[in-house]
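First comes the structure, then the notes that go with it.
No lab work stands behind these numbers, since they all come straight from the coordinates. Remember, it's a predicted structure, so these values are computed and weren't measured experimentally. Cβ sites come from the backbone with ideal geometry, for glycine too, and all protein chains shown count toward neighbours.
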């Protein structure tokens, strides 16, 4: 995962969006769709040979490591709250409730995860 994080601009938020987090339109920096395999080639990704975005910034290994640490810490807190019978969203006492393919916190109704209790 670290290699993938290092190879994306810090403002990249996915091509399903019109603009990156910095407000640059993906359409404005995309490679011409002359070749089918380049239709979504954007300078936001290291493997691209495009260099037509002045806002492009790639993270340092230290930034990726710090982000990874923050995600792991948040996930640990989320799981710890659930295992102690507390809703990880609103921090109220809860019990897990299966509704179709999802598990919700009862009584607050926050969705906890998809799967089986």
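Using C-alpha pairs under 8 Å with a sequence gap of at least 6, the mean separation divided by the residue count of the chain gives a relative contact order of 16 percent.
Computed from label points 7 Å out along Cα-Cβ, the spacing between residue 117 and residue 73 is 3.3 nm.
Each residue in 78, 12 was given a count of other beta-carbon atoms within 10 angstrom of its own, and listing them fewest first yields 78, 12. Checking (i) 27, 18, 11; (ii) 29, 12, 11; (iii) 39, 18, 12 against semi-axes √(5λ) of the Cα gyration tensor in Å calculated from these atoms, the matching label is (iii). Using the Cα gyration tensor of region 60-117, with a ≥ b ≥ c the square roots of its eigenvalues, what is the shape: rounded (a/c below 1.5), prolate (a/b larger than b/c) or oblate (neither)? Cα axes put region 60-117 in the prolate bin.
Taking neighbour counts of Cβ atoms within 10 Å as a proxy for exposure, in what order, fewest first, do 112, 50 appear? List each step's numbers first, then the result.
Numbers: 112 19, 50 15.
Going from least to most buried by this count: 50, 112.
Full extension of the chain segment joining residue 46 with residue 96 gains 13.7 nm, where the gain is 0.36 nm per residue of separation less the Cα-Cα distance. Net length available on complete extension from residue 86 to residue 22 is 19.4 nm, with 0.36 nm assigned per residue and the Cα-Cα distance removed.
If you stretched the chain out fully between residue 108 and residue 13, how much longer would it get, using 0.36 nm times the residue separation minus the C-alpha to C-alpha distance? Could the numbers behind the result be given before it?
Working: separation 95, 0.36 × 95 = 34.20 nm, distance 3.08 nm.
In short, 31.1 nm is gained.
Helix 61-83 and the longest principal axis of the C-alpha atoms of the chain enclose an angle of approximately 20°. This ranking places 56, 111, 47 by how few other beta-carbon atoms lie within 10 Å of each, fewest first, which gives 47, 111, 56.
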